[in-house]
Amino acid sequence: MLDALHYTGYVLTSFGVLFLLLGALGILRMPDVYNRMQAGTKATTLGAVGTIMGVGLINPEWFLKTLIISLFILLSNPISSHALARGSYRIGIKMWQKKDIDAYKKAVQESEEKEEAA
Amino acid sequence: MRKAIAVLFLGFIGYYLLSTFLLVPFGVVRVLEGVGLKYLQDGLQQTGAANLVTSIVVNYRGFDTLGEVTVLFLAATGMGALLYSKRPTERARQNASVIVKTGARILFPLIIILGAYVFIHGHLTPGGGFQGGAIIASGFLLMFMSYRTYHVNHVILSRVESSAGSVFVIIGLLGLAYGSSFLANILPLGTANTLFSAGVIPLIYVAVGFKVGAELTALLDTMLQTVK
């Protein structure tokens, strides 16, 4: 039983480390701010949660603490990246290849129209 | 001519710097001799604090910490005096999005609890009054950033700040009255590694935590009022 927990922990930790590596590669490789933000936050959130929970499984005494830390990361990391992305969009940082796909602009226009109507 | 003087000057400074640093032996472990060893051996018995850094900061060098707290207080006061304006500029920043607002509301109490934990356990785990206060102030910064209309009451903050500072000095004076010297320990040391141990160290660190937290929060609010 304990061995199974151990091995699951190691697998989870390796999984997390792989995602952290992919996130780092993405930050180096991706072409613009928004793409880099994807790599820098989505991949590293999964990576950090994976490694931390893996450590919690390897050492079950720490499980509760690692759970709390993971919850904190799950709450704070996406929110901060969202705020960063929104801020960089609003100060007008250009996208890499601006095709006609700008869903956020459309959403903003719609919500503003709604506010004006209300 | 000027370049020659500059080179000469640099060479002069370099020579004396080098000769000073050459006096310091390189790669020799110097922790286990002199005063460092003394602290390591006797720190726990003398102060009762499991965190040796805290025992040095608050007990052996307690007077120095009182000076640091005073410096921080003076810096905050000076900043407030420089940035004071009768009509605070209305913040024209955009509102944060709903996601950030909701997240900030959830995270704010957790950050405050973490800050309180860090300064209450200053004598057991890494951290202490200054770090805990800074964490609390960062929690308030999160609220300032997310809610444009979030305001703090400066009167309450300055009351907290001054009473916490007074508690520090009063504990020091009690040490002078009932103990051997200013800031001397007058409470029982208790068993090491438990929350109620180390005599007056936790009391002082709680006071420092409140003081630093209130000071930095007031400072952040004052600074934000000058930003459009």
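The values are calculated or read from the model by the stated rules, or taken from the named source; none is laboratory data. Source: prediction; values computed, not measured. When we count neighbours, we look across all protein chains shown, and the Cβ atoms used for this are built from the backbone with ideal geometry, even at glycine. For accessibility, only protein heavy atoms count, side chains too; no ligands or nucleic acids. Shrake-Rupley method; radii C 1.70, N 1.55, O 1.52, S 1.80 Å.
With respect to B:F182, determine if the residue is closer than 28 Å to B:G43 by Cβ, of a type in the set (F, W, Y), in contact (Cβ under 8 Å) with a residue 60 or more places away in the chain and surrounded by fewer than 20 Cβ atoms within 10 Å (Cβ to Cβ).
Numbers: closer than 28 Å to B:G43 by Cβ: yes; of a type in the set (F, W, Y): yes; in contact (Cβ under 8 Å) with a residue 60 or more places away in the chain: yes; surrounded by fewer than 20 Cβ atoms within 10 Å (Cβ to Cβ): yes.
When the stated conditions are applied, B:F182 passes them.
For A:K65, the criteria (1) within 14 Å of chain B (Cβ to nearest Cβ); (2) open to solvent by less than 30 Å² (accessible area, probe 1.4 Å) hold in every case but one, which is (2). Residues of the stretch A:1-38 that are crowded, with 16+ Cβ neighbours inside 10 Å and in contact with a Pro (Cβ under 8 Å, 6 or more places away or on another chain): none at all. Checked against (1) within 14 Å of another protein chain (Cβ to nearest Cβ); (2) more than 27 Å from B:I113 (Cβ to Cβ); (3) open to solvent by 50 Å² or more (accessible area, probe 1.4 Å); (4) under 17 Å from the mean Cα position of the chain (by Cα), A:A85 passes all but condition (3). Hey, any hits in the stretch B:40-51 for a residue that's touching a residue at least 12 places away in the same chain (Cβ under 8 Å), in a loop (DSSP other than H, G, I, E, B) and either charged (D, E, K, R) or surrounded by fewer than 22 Cβ atoms within 10 Å (Cβ to Cβ) (or both)? Yes. For B:Y117, the conditions (1) more than 9 Å from chain A (Cβ to nearest Cβ); (2) of a type outside the set (V, I, T); (3) in contact (Cβ under 8 Å) with a residue 24 or more places away in the chain are fulfilled apart from (3).
Against the test of being surrounded by fewer than 22 Cβ atoms within 10 Å (Cβ to Cβ) and not in a loop (DSSP other than H, G, I, E, B), the options B:G213, B:G209, B:G175 yield a single qualifying residue, B:G175. Selection of the stretch A:88-117 for residues being open to solvent by less than 90 Å² (accessible area, probe 1.4 Å) and within 12 Å of chain B (Cβ to nearest Cβ) yields A:Y89, A:Y104, A:A107, A:V108, A:S111. Is it true that some residue in the stretch B:80-89 is modelled with pLDDT of 80 or more, out of contact with any Cys (no Cβ under 9 Å at 6 or more places or on another chain) and within 30 Å of B:S181 (Cα to Cα)? No: the stretch B:80-89 contains no residue that is modelled with pLDDT of 80 or more, out of contact with any Cys (no Cβ under 9 Å at 6 or more places or on another chain) and within 30 Å of B:S181 (Cα to Cα). Scanning the stretch B:67-78 for residues that are open to solvent by less than 80 Å² (accessible area, probe 1.4 Å) and either over 11 Å from B:L216 (Cα atoms) or free of Cβ contacts under 8 Å to residues at least 24 places away in the same chain (or both) returns B:G67, B:V69, B:T70, B:A75, B:T77, B:G78.
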